[in-house]
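All remarks here apply to the structure that follows.
The values are calculated or read from the model by the stated rules, or taken from the named source; none is laboratory data. Remember, predicted model here, so these are calculated numbers, not experimental data. We place every Cβ from the backbone using ideal geometry, glycine too, and count neighbours over all the protein chains shown. Remember, those area values only see protein heavy atoms, side chains included, never the ligands or the DNA or RNA. Shrake-Rupley method; radii C 1.70, N 1.55, O 1.52, S 1.80 Å.
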Amino acid sequence: MAENRVAVIAIIVENMESASAVNAILHEYSLYIVGRMGLPYRERSISIINIVLDAPMDKINAVAGQLGRLPGVTAKAVCSTLG
C-alpha cells in the first residue's frame, strides 16, 4: 500500500468556464482533501484555490495533472518529504 503524504495544491483559474470542471475533479478526490481555501480575485478576474491533501503520491499527482490540463487552469503541488 502506498504511503500517504501531506500536500498543498495551488490552483489558479483564469478561465471561469473551467470552474465547474475544477469542482468536479475536487469532488472526485474529496476523500483525500483535508481543507480548501478559495479566494476570488475580482480585480484580476481570476480565482485562487489552495487544497490540502493527505493522500498517496499517485493521487496527488493525478489531481494536479487533471486540474492543470483544464483550459485556463494552472495547478502545482508541493508535498511533504515524510509520509
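Points worth noting:
- Flag for THR74 being open to solvent by 20 Å² or more (accessible area, probe 1.4 Å) and out of contact with any Gly (no Cβ under 9 Å at 6 or more places or on another chain): no
- Restricting attention to the stretch 50-69, the residues that are buried (at least 19 other Cβ atoms within 10 Å of the Cβ) and closer than 12 Å to VAL13 by Cα add up to 1.
- Unique residue being open to solvent by 50 Å² or more (accessible area, probe 1.4 Å) and within 15 Å of GLY72 (Cβ to Cβ) when the list is SER20, SER30, SER47: SER20
- Tally, over the stretch 36-80, of residues that are without any contact (Cβ under 8 Å) to a residue 60 or more places away in the chain, more than 15 Å from VAL22 (Cβ to Cβ) and not in a strand (DSSP E or B): 9
- Residue list for the stretch 1-15, restricted to those being over 19 Å from LEU70 (Cβ atoms) and assigned to a loop (DSSP other than H, G, I, E, B): MET1, ALA2, GLU3
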